[in-house]
Amino acid sequence: MKRERYHGNDIIRALTILGDFILLDILVYLCLQEFSDYTPKFFMEHNRVVLLAANFAMVVAEYFFHTILHHRRLSLFDIVARVFKLSVCQSVLMFFLLRVISDGGGFFRFMFVFAALLFVALFVVRCIEWALVSYLRSKGKNTQTMLFIGDDPANLMLYQDIRNESASGIVVKGYYADQQIENCPEQFSYLGTLADLDAQMEADRLRVNTPFDVVFCCLSHDETELINRVMNFCDNHVIRFYYVPRMIGNLRLKLIPELYGDVMLFTNRREPLTQMSNIILKRTFDIVVSLLTCLVLIPFLPIIALIIKLQSPGPLFFVQQRTGLNGRNFNCYKFRSMHVNKQADMLQATKNDPRKFPFGEFMRKTNIDEFPQFFNVLKGDMSIVGPRPHMLLHTEQYGTLINKYMVRHFCRPGITGWAQVTGCRGETKELWQMEERIKRDIWYLENWTFWLDIKIILKTALTIIWPDKQAY
């Protein structure tokens, strides 16, 4: 049964890849037929060469960006990102292959249209395939069976996280422990004591197949002998074994392996932005986008300056010290959106704040007041995406009130951030509101990807068209 399940994933992946090639060939044929007026002459005269180049490019693209449809923990954004990478890689490689072996013009225009159509077609088909796979799994096909060991609350948290995945094909049989887990849902079945588990393993010792695919073990190190027996049993029966870090009180340890010389250690936080390749990628993107934004902003500066001056006497820019990378302070620049006042470094803006003038309120709602911070990005004080920098008074206050508050300063602060695009904006009247922001800031630095930055930037751009009601 276990081999059939794993083989099922192989079939899903193989059929999806085969479907990609069929879709590609159909699309190439339709483009050559339907867009003949815009198709390069070489393409019309050597359509077999074009088809061969398209398929070869797809082979390379599938190698680097193959389908992840068989994964059980998958989101729509994961699908969009993977399809985008696949279609761009295929189209760029196909373009260069055909450009090298042919002469003539019109290649770029044709390939740009082809790439857009390929992305749309692959995305639509992939969504249909995803819905079909989810349906089959909801009917008991292509399932993965899991067993938990131990009464630590960490097992319950992991179970709840797994059960939130809809139509994932995951079947949880239950858990073995000497004591039942408190506040455990009925669906998470108690199967017996650790002695019962030992007896079950002994009974199944000579069986080739077992009813489990994955085992999650969360036992004390005092149970070393039992843990070793479970691991050996899993190895001998083709079962994936995972050790779940135990909770200390209400704190769940997130231990991540890391080599320190030749010694394997465990750290409590994974930070993708400590890797040099990611640092270079993020910084390069920041510099390029900020330079372009500053150039575009130059013609609008006189207009913005004139409106601000007409509505409120004082400087064009508001400069305030904020806490940045590694807890260092820096001068943060914004278009001034309030009348000059002595409370600027002490009080947050409120919904009907009398300090705001009309154009200033418009700028705050549409994030236009943040544009001068692209200069902060060029200086290296900030990044385009990251935790929003707080004024020094808030850092001093919340640093003593909120656990792990200072962790957010392990990365550069941003013009926009994950907390801001997920609803955590506006005045923080209650402590829990700031705590929620800190949780999302820490989540961002632990889960950073380039595509996550792009997603946040796109969500922020939408607020210029549809202002956030919490922005004031």
Pair Asp161, Asp222: separation of 7 Å Cα→Cβ label points (nm) = 2.6
Any chance you could run the full-extension gain for Asn47 through Arg355? It's 0.36 nm times the residue separation minus the Cα-Cα distance, nm to one decimal.
-> 104.1 nm
Given +1 on the Cβ of Lys and Arg, -1 on the Cβ of Asp and Glu, and no further charges, what dipole in debye does the chain carry about its Cα centre, rounded to the nearest 20?
-> 1580
So, with +1 on the Cβ of K and R and -1 on the Cβ of D and E, and no other charges, what is the size of the charge dipole of the stretch 294-375 about its Cα centre, to the nearest 20 debye?
-> 140
Along the charge dipole of the chain, Cβ charges K/R +1 and D/E -1, which of Met363, Asn278, Ala116 sits furthest on the positive end?
-> Met363
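Students often check this: by mean Cβ neighbours within 10 Å, which of 410-419, 179-188 ranks highest, and how do the rest follow?
Values: 410-419: 24.6, 179-188: 11.4.
Descending packing order for the listed peptides: 410-419, 179-188.
Please sort 430-437, 335-342, 81-88 by packing, taking for each peptide the average over its residues of neighbouring beta carbons within 10 angstrom, highest first.
On the way: 430-437: 15.2, 335-342: 16.9, 81-88: 19.5.
Going by the mean number of other Cβ atoms within 10 Å, highest first, we get 81-88, 335-342, 430-437.
Please figure out what share of the DSSP beta bridges in the chain is antiparallel and state it in percent, rounded to the nearest 5.
On the way: 16 of 34 bridges.
Percent antiparallel among DSSP bridges in the chain is about 45.
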Which of Phe216, Leu226, Val59 sits farthest toward the positive end of the charge dipole of the chain, with +1 on the Cβ of Lys and Arg and -1 on the Cβ of Asp and Glu?
-> Val59
Separation of alpha-carbon centers, the stretch 287-351 and the stretch 368-392, rounded to whole Å = 10
Considering only Leu136, Ala203, Tyr243, whose Cα is most displaced toward the positive end of the charge dipole of the stretch 124-244, charges sitting on Cβ of Lys, Arg (+1) and Asp, Glu (-1)?
-> Leu136
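In the structure displayed, which of Lys351/Lys379; Lys173/Lys455; Lys139/Lys459; Lys309/Lys429; Lys334/Lys455; Lys429/Lys459 lie more than 28 Å apart, Cα to Cα?
On the way: Lys351/Lys379 32 Å; Lys173/Lys455 37 Å; Lys139/Lys459 36 Å; Lys309/Lys429 31 Å; Lys334/Lys455 23 Å; Lys429/Lys459 25 Å.
Over 28 Å apart, Cα to Cα: Lys351/Lys379; Lys173/Lys455; Lys139/Lys459; Lys309/Lys429.
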Full extension from Glu436 to Leu117: what is 0.36 nm times the residue separation minus their Cα-Cα distance, to one decimal in nm?
-> 110.8 nm
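Working out 0.36 nm times the residue gap between Val125 and Val263, then minus their Cα-Cα distance, what length gain in nm do you get to one decimal? Spell out each step's value before the answer.
Numbers: separation 138, 0.36 × 138 = 49.68 nm, distance 4.67 nm.
Value of the extension gain: 45.0 nm.
Based on the mean of other beta carbon atoms within 10 Å per residue, what is the order of 278-289, 296-307, most packed first?
Numbers: 278-289: 14.7, 296-307: 12.2.
Ranked by mean Cβ neighbours within 10 Å, highest first: 278-289, 296-307.
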Once both label points are put 7 Å beyond Cα along the C-beta direction, the Ser134-Gln180 separation in nm becomes 3.4
For Ile454 and Asp204, extending 7 Å from Cα along the Cα-Cβ vector and measuring point to point gives, in nm, a value of 4.3
Averaged per residue, the 1.4 Å probe accessible area of the chain, protein heavy atoms only, in Å², is roughly 56
Hydropathy first: keep DSSP H helices in the chain averaging at least 1.6 on Kyte-Doolittle, then drop any whose Cα extent along the axis falls short of 20 Å, and list what survives.
-> 76-101, 107-138
Using modelled backbone amide H atoms (1.01 Å from N, in-plane), which distant-in-sequence or interchain residues come within less than 5 Å of Phe317's amide H?
-> Arg336
Quick calc, the stretch 305-435, dipole around Cα centre from Cβ unit charges on Lys, Arg (+) and Asp, Glu (-), nearest 20 debye, gives 180
State the Cα centre-to-centre distance between the stretch 135-154 and the stretch 166-205 in whole Å.
-> 11
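The values are calculated or read from the model by the stated rules, or taken from the named source; none is laboratory data. Keep in mind it's a predicted model, so treat the numbers as computed, not measured. Positions of Cβ are backbone-derived with ideal geometry, glycine not excepted, and every protein chain shown enters the neighbour counts. Ligands, DNA and RNA are stripped out before the accessible areas are found, and what is left, the full protein with its side chains, is counted by its heavy atoms. Shrake-Rupley method; radii C 1.70, N 1.55, O 1.52, S 1.80 Å.
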